[in-house]
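The values are calculated or read from the model by the stated rules, or taken from the named source; none is laboratory data. All figures in this text were calculated on a predicted structure; none of them were measured in a lab. Backbone-built Cβ (ideal geometry, glycine too); neighbour counts: all protein chains shown.
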There are 2 protein chains.
Amino acid sequence: MVGPQLLRNRKVSRSVTFVAGLPRCGSGDSSGGNRQPSQQKKKAISSSSLLDLEAQKRHCLYTTANSAEEEIFRVRKLEIADKNKGFIELLQQLTVCDSVSDERFQERFQELAKYGDDHLVCVIEDDKSGKIVATGSVFIEKKFIRNCGKVGHIEDVVVDSSVRGKQLGKKIVEFLADHARLTGCYKVILDCSTDNIPFYERCGFKQKEVQMVKYFI
Amino acid sequence: MVGPQLLRNRKVSRSVTFVAGLPRCGSGDSSGGNRQPSQQKKKAISSSSLLDLEAQKRHCLYTTANSAEEEIFRVRKLEIADKNKGFIELLQQLTVCDSVSDERFQERFQELAKYGDDHLVCVIEDDKSGKIVATGSVFIEKKFIRNCGKVGHIEDVVVDSSVRGKQLGKKIVEFLADHARLTGCYKVILDCSTDNIPFYERCGFKQKEVQMVKYFI
């Protein structure tokens, strides 16, 4: 499930600038806001090996510039410590997500870590509050079709209700799609409600097939 | 992508019987056709550990009984030798699937094998012709939502045009869905064309969301 109701009716009131590149990265670095987003993003991706990509992910910043305020949002891979930064509570805004014990969380975290680049959960942390305010995941499916091609599956995208209008959802999706592309996928897919189709169209997606589901519980 | 045009307009002219259980299994055993499918299936699943499940998969038979002819279709996990039994050619009936070298096939096969029960490709082999006539795959996604739940994703279901009407597509889907259920998934999902919705409804699925796609090549 991708794209909860939190993505609906998003009011884009401020510009979002993508800032990447190790030399300028750091939790307190907001000076990159004046850079040209397209140039930086292109540069970051064109020179990427997978290891570079991982390094970039850990250090990428999104800055939201506004005349009245400036906020910095760190985009990075999920870390075990994020459980205490509201990660589970954020997921509860998406769907049913009961409390998870530290042990169970760490167990699942380690299970996913074994997949390496084939499974990525990314988060955006609000440096002001120290809270996780956006997340999404992508896993890489390896096929035999399309010359043993790969497909990225985006799942569980959610943005905290307190930070709507900053295009964080779009940046999460773009980040996950970039990961799929850089790991060699020929396409990336997701399932969403009809209400969220316009949002994903703005992210460069097109409607294709129909999702079918069978529940066991 | 699931459910190619080969699944459309399927004419069910013969009954298909599920036969499971190690004592009765073997490539030449078609005597199980008189059993009650629901009872056998229930029995097989209720006693399953994952290892038992794997054993059952390797030995399960589907027999298609008809007054004029009797055919035996072996349902099992994909094996490396299946490349020479028309597996790639079968996938070519589904979508773009160029020829794959033996080396590339084995490499992908081994990559998938590392996932263990988290990725299953099953096939049906026609014992008469020795050809792979149906296939499908399912991979298990591990989440944090739903109490660190799991979701099965069914992909790349295709039935050879020469064996339509034997409900092999339905059996492939049921087999994959059972695998998802037995590995602890709370649901199994797939994407299909609108033409194939009735087929998947007959398999117990319901329409839910919309698939969105972004191509990189």
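One line per residue, one yes/no per condition, for (1) of a type in the set (S, T, Y); (2) surrounded by 21 or more Cβ atoms within 10 Å (Cβ to Cβ); (3) within 27 Å of B:K208 (Cβ to Cβ):
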site: A:R108; (1), (2), (3): no, no, yes
site: A:K131; (1), (2), (3): no, no, no
site: A:G169; (1), (2), (3): no, yes, yes
site: A:E174; (1), (2), (3): no, no, yes
site: A:H179; (1), (2), (3): no, yes, yes
site: A:I197; (1), (2), (3): no, no, yes
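Looking at A:G204, is it facing chain B (nearest Cβ under 7 Å), over 22 Å from B:C148 (Cα atoms) and assigned to a loop (DSSP other than H, G, I, E, B)? The answer is yes for A:G204. Exactly one residue among B:L120, B:L190, B:L112 is within 9 Å of chain A (Cβ to nearest Cβ), closer than 27 Å to A:Y186 by Cα, assigned to a strand (DSSP E or B) and modelled with pLDDT of 95 or more, and that residue is B:L190.
Check the range B:95-104 and report whether any residue there is part of a strand (DSSP E or B), at pLDDT 95 or above and within 12 Å of chain A (Cβ to nearest Cβ). The answer is no; no qualifying residue exists. If you take the residues in the range B:85-137 that are without any contact (Cβ under 8 Å) to a residue 60 or more places away in the chain and polar (S, T, N, Q), which one is farthest from B:S161 (Cα to Cα)? Taking the candidates together, the pick is B:Q110. Taking each residue of the range B:200-213 that is free of Cβ contacts under 8 Å to residues at least 12 places away in the same chain and looking for partners that are among the small types (G, A, S) with beta-carbon atoms closer than 7 Å, six or more apart or interchain, yields B:E209/A:S193.
The numbered conditions (1) surrounded by fewer than 21 Cβ atoms within 10 Å (Cβ to Cβ); (2) within 26 Å of A:Y215 (Cα to Cα) are all true for B:V121 except (1).
Within the option set B:G184, B:G165, being surrounded by fewer than 23 Cβ atoms within 10 Å (Cβ to Cβ), more than 7 Å from chain A (Cβ to nearest Cβ), within 22 Å of B:I72 (Cβ to Cβ) and of a type outside the set (D, E) holds for one residue only, B:G165.
Those residues that are hydrophobic (A, V, I, L, M, F, W, C) and outside any strand (DSSP E or B), I need them from the range B:125-161; list them, please.
Matches in the range B:125-161: B:F144, B:I145, B:C148.
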